[in-house]
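Trainee: Below is a structure I'd like to ask you about.
The values are calculated or read from the model by the stated rules, or taken from the named source; none is laboratory data. From a predicted model like this one, the values you see are computed outputs, not experimental measurements. Here the Cβ is made from the backbone with ideal geometry for all residues, glycine too, and neighbour counts use every protein chain on show. Remember, those area values only see protein heavy atoms, side chains included, never the ligands or the DNA or RNA. Shrake-Rupley method; radii C 1.70, N 1.55, O 1.52, S 1.80 Å.
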Amino acid sequence: MKVVLAGAHGHGRHHLGKLRMLAHRGEIELAGICDVRPVEVDFGSPMQSSDLGALIEKTGAEITIICTPIHTHADLAVTALRAGSHLLLEKPPAASPAEHRRIAAAVAETGLSCQVGFQSLGSAAVPALRELIGSGAIGRVRGIGGAGAWERPSAYFTRSSWAGKRRLDGVDVVDGALTNPFAHAVATALALVDGGIADIETELYHAHPIESDDTSCLRIRMADGLVITIAVTLCAQERHEPYLVVHGDQGRATLVYTQDQVKVELTDGSVTTTVYERTDLLENLVDHIRTGAGLLVPLAATETFTQVLDAVRLAPEPLPIPERHQIVKRDQLGEVNHRFLPGISDLTARSADELALYSELDVPWTRVELLVAGRGVARYELNPDLPATDSPRPYLHGVRTLGGVEVTEVRPEDHVHHLGVGVAISDLGGANFWGGRTFVKDQGPAWLGDHGVQRHRAFSRLSDDGFAEELEWIGPGGRLIAREQRTVLARPVGEAWALDFTFTLTNLTGAPVEINSSATKGRVGAGYGGFFWRAPGTSTARTTLPGDERAVHGGRDPWIALSGTDPDGRDWTLVFVQEDDPWFVRVEEYPGVGQALAWDRPLVVEDTLTRRVVTVVADGRLTHEQAAALAAEV
């Protein structure tokens with residue numbers, strides 16, 4: 001049976017080894033190699049070309065093995081099928097569901113076969129474990145946890161143009177720990193269950209300076225409620241064999257899929273371990289073509305995997321793990337050659353045991369934290385789990401003075417949609433990005449179902465002293481209204497520190513968009529909208545400078561200060577500095593300070609809107625002179 005190999009370098013060398021063995025047994029002939037670079041082989045006399053379709057036609061190849069970068073799979077697969085060749089398509093099969101469907105359509109059109117190279121699914125351990133689950137031997141199954149921890153040098157991510165990339169020249173590549181080296185963990189877990197996927201949560205991180213993830217986890221909820229978690233890393237200090245553990249109420253079964261081993265531990269204390277045979281997928285494909293034997297991994301069986309890959313593709317950009325959480329190794333020239341995450345292999349195991357995501361295991365590098373002089377002064381919540389009526393959005397919380405006095409509050413009883421420090425607008429293009437009820441002219445506050453959401457997309461910079469972030473402002477029904485560039489910096493100012501917060505909104509509606517407030521609709525003095533800081537309602541003796549609440553509310557002083565006393569009797573002061581807008585201030589009802597972008601009339605945004613507010617966070621109750629001096633300094 002004549003075979004063409006497309007992609008003979010990298011992992012393609014593994015296929016060359018297998019082809020050599022089968023050629024020596026007289027089962028196949030390596031008829032051709034398709035690659036952009038010449039390839040030396042020590043068996044047969046394969047024709048070589050960079051034109052796959054022409055190569056298949058000239059050689060009469062019955063099977064084509066595609067082992068090329070992920071983003072090339074769909075085009076090459078369709079080319080091979082239409083040239084009359086069956087396929088062994090390396091995993092992952094495609095870079096998106098749309099490309100998966102293209103390949104499936106070509107399979108249906110040609111009547112040819114496509115086997116996907118998830119080698120773990122060639123193991124007899126998989127059907128054996130499915131049978132065990134179905135028999136009820138381990139009781140009712142509550143979930144499947146997967147863990148994988150490998151070591152990869154820095155050079156692994158520079159081995160090719162697409163390695164460590166999420167996209168290349170505008171084309172989705174979707175390389176990453178979950179979608180490439182540990183794709184077998186995801187695919188094998190999905191092969192153990194039936195039914196469709198209801199929901200997918202992803203957490204993507206990277207220690208290496210790459211686009212894609214090298215440390216990540218996900219949680220899949222199946223339509224029947226069963227949960228699958230997979231936690232993996234390429235930053236372990238040594239290799240740990242990846243595995244899946246099936247949790248039942250009468251025991252557990254662990255599949256080490258690289259070794260085809262299943263260990264069953266029952267609550268009665270009995271333990272059995274079985275090692276199963278594995279069928280090579282190329283040999284299975286040859287057998288299928290010759291005898292009609294069933295394919296072990298037909299393309300249709302990998303649709304749910306492609307759904308997971310697409311969730312990774314569409315997820316926010318992976319978060320960089322600060323270097324203070326890493327062990328960095330360098331070569332003799334001082335170049336970084338390894339990045340390790342201490343304790344990461346134990347962490348992946350905990351995830352598999354508890355069916356938990358990294359962020360649920362209190363891992364410090366899953367949090368975005370601001371530091372000043374080595375002290376944590378704030379955390380940033382990227383993806384809050386909030387009701388739609390709160391207008392979910394990223395926010396700073398746990399903001400505190402250098403002396404440790406907390407000066408923010410999240411979801412207080414008086415206004416549950418107040419979220420620490422952030423940007424909130426009550427009406428942007430008709431969408432409520434503030435939360436709570438919307439003020440309707442001549443009617444008053446009403447629930448309108450008009451709430452939007454601010455969605456984190458990526459950090460272009462993230463370090464201990466701050467970040468630069470891209471967000472999307474999405475209105476009801478998924479309407480993209482604006483894109484925001486947000487820059488947050490924390491820096492020392494004398495014995496205090498300053499939070500420097502800048503945001504730029506870019507109008508994406510294609511027409512001028514209005515910012516309105518309750519005040520522009522008839523509620524006098526309620527011009528809130530823009531940067532907003534909610535201080536703790538438990539603080540007492542609240543005062544403002546340079547005047548009282550009535551004097552500063554709606555004023556245009558270059559700075560104002562808000563002071564209070566926490567329940568432990570410790571005083572604090574916030575000094576807000578800006579140039580553009582009236583101040584929105586509350587003291588008696590609740591403590592909060594912000595901008596009033598639309599104080600008494602709508603603000604029309606043609607293209608972009610940029611605002612900056614700097615807030616000094618200080619211990620003690622500052623005098624007018626002290627506050628003015630700090631305001632002048634920032």
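Trainee: Between ALA223 and HIS624, what length in nm is gained on full extension when 0.36 nm per residue of separation is reduced by their alpha carbon distance?
Mentor: That pair, ALA223 and HIS624, stretches by 138.3 nm at full extension.
Trainee: Please identify the GluC sites (Glu not before Pro) of the stretch 216-282 that satisfy two criteria: DSSP loop assignment and at most 14 other Cβ atoms within 10 Å. Which are they?
Mentor: The qualifying sites are GLU277.
Trainee: Here's another thing I want to ask about it. Suppose all protein chains stay in the model; what accessible area per residue would a 1.4 Å probe give for the stretch 89-247, in Å²?
Mentor: Result: 33 Å² per residue.
Trainee: Tally up the carbon and sulfur contribution to the accessible surface of the chain as a whole percent, 1.4 Å probe, everything protein left in place.
Mentor: 48 percent
Trainee: Could I have the simple spin-label model distance between SER460 and VAL41, label points 7 Å from Cα toward Cβ, reported in nm to one decimal?
Mentor: With each label placed 7 Å out from Cα toward Cβ, I get 4.7 nm.
Trainee: Still on this structure, please answer the following. Gain in length, ALA155 to GLN250, computed as 0.36 nm per residue apart minus the alpha-carbon separation, to one decimal in nm? Kindly include the intermediate steps, with their values, before the conclusion.
Mentor: Working: separation 95, 0.36 × 95 = 34.20 nm, distance 4.49 nm.
Fully extending the segment from ALA155 to GLN250 adds 29.7 nm.
Trainee: Enumerate the lysines that LYS263 could reach by cross-link, defined here as Cα to Cα under 29 Å, with residues fewer than 8 away along the same chain left out.
Mentor: Leaving aside lysines fewer than 8 places away in the same chain, those within reach of LYS263 are LYS91.
Trainee: Could you check the simple spin-label distance between ASP331 and THR272, using points 7 Å along Cα→Cβ, in nm with one decimal?
Mentor: 5.1 nm
Trainee: Same structure again: Between beta-carbons, use under 12 Å as the cut-off and find the net charge around LEU361, counting Lys and Arg +1, Asp and Glu -1.
Mentor: Every neighbour counted, the sum reads -4.
Trainee: Would you mind classifying the stretch 404-507 by shape? Square roots of the alpha carbon gyration tensor eigenvalues, ordered a ≥ b ≥ c; an a/c under 1.5 is rounded, otherwise it is prolate if a/b is larger than b/c and oblate if not. Can you show the working numbers first?
Mentor: Working: a/c = 2.77, a/b = 1.48, b/c = 1.87.
Oblate shape, in that a/c is at least 1.5 and b/c is the bigger or equal ratio.
Trainee: For the stretch 1-108, calculate the relative contact order in percent as a whole number, restricting contacts to Cα pairs under 8 Å that are 6 or more residues apart.
Mentor: Rounded, it is 26 percent for the stretch 1-108.
Trainee: Probe of 1.4 angstrom, ligands and nucleic acids ignored: what's the accessible area per residue over the stretch 289-341, in square angstrom?
Mentor: For the stretch 289-341, the solvent-accessible area averages 51 Å² per residue.
Trainee: So what's the angle, to the nearest 10 degrees on a 0 to 90 scale, between helix 624-633 and the longest Cα principal axis of the chain?
Mentor: Roughly 40 degrees, rounded to the nearest 10.
Trainee: Continuing with the same structure: When only Cα pairs under 8 Å and 6 or more residues apart are kept, what is the percent relative contact order across the stretch 100-209?
Mentor: The value is 27 percent.
Trainee: Still on this structure, I have one more. Would you mind checking the tilt of helix 281-291 against the longest principal axis of the Cα atoms of the chain, expressed as 0 to 90 degrees and rounded to 10?
Mentor: Computed tilt is about 50 degrees.
Trainee: Moving on. Please work out the Cα center distance from the stretch 425-443 to the stretch 1-29, rounded to the nearest Å.
Mentor: Measuring centre to centre over Cα atoms gives 64 Å.
Trainee: Take the Cβ-Cβ distance between ARG483 and VAL440 as r, set R0 to 25 Å, and report the resulting FRET efficiency rounded to the nearest 0.05.
Mentor: 0.35
Trainee: Taking the Cα centre of each part, how many Å lie between the stretch 556-634 and the stretch 484-529?
Mentor: A separation of 12 Å, based on Cα centres.
Trainee: Consider the candidate values [x] 1.09; [y] 1.15; [z] 0.94; state which one is Cα Rg over 2.2 N^0.38 Å computed from the structure displayed.
Mentor: Computed from the coordinates, Cα Rg over 2.2 N^0.38 Å corresponds to [y].
Trainee: Rounded to the nearest 0.05, what FRET efficiency do THR540 and ASP353 have when you use their Cβ-Cβ distance and R0 = 45 Å? Before the final figure, lay out each step's value.
Mentor: Values: r = 46 Å, r/R0 = 1.01.
Using R0 = 45 Å, I get an efficiency of 0.50.
Trainee: Also: Which FRET efficiency value, to the nearest 0.05, is calculated for VAL634 and GLU241 with the Förster distance at 51 angstrom and r the Cβ-Cβ distance?
Mentor: Once the sixth-power term is evaluated, E becomes 0.40.
Trainee: Taking Cα atoms, how many degrees apart are the long axis of helix 73-82 and the longest axis of the chain, rounded to 10 and kept between 0 and 90?
Mentor: Helix 73-82 and the main axis of the chain meet at about 30 degrees.
Trainee: Using DSSP to call loops (not H, G, I, E or B), can you name the GluC sites (Glu not before Pro) in the stretch 302-347 whose Cβ has at most 13 other Cβ atoms within 10 angstrom?
Mentor: Passing sites in the stretch 302-347 are GLU335.
Trainee: Reachable aspartates and glutamates from LYS58, Cα under 17 Å, same-chain residues fewer than 8 places away excluded?
Mentor: Within reach: GLU29, ASP35.
Trainee: On to the next question. Mind ranking ILE144, ILE327 by accessible surface for me, highest first, 1.4 Å probe?
Mentor: The most accessible residue leads, giving ILE327, ILE144.
Trainee: Which order do GLU283, GLU40 take by accessible area at a 1.4 Å probe, largest first?
Mentor: GLU40, GLU283
Trainee: Quick check: pseudo-label points 7 Å beyond the Cα along Cα→Cβ at THR509 and VAL493, how many nm apart are they?
Mentor: Between THR509 and VAL493, the simple spin-label model gives 3.4 nm.
Trainee: Let me ask you something else. For LYS521, list the lysines whose Cα falls under 29 Å from its own Cα; do not include residues on the same chain fewer than 8 positions away.
Mentor: Within the straight-line limit of under 29 Å, LYS521 reaches these lysines: LYS441.
Trainee: If I stretch the segment between VAL524 and HIS24 completely, what's the gain in nm (0.36 nm per residue apart, minus their alpha carbon distance), one decimal? The partial results should precede the final answer.
Mentor: Details: separation 500, 0.36 × 500 = 180.00 nm, distance 8.75 nm.
Going from the current span to full extension adds 171.3 nm.
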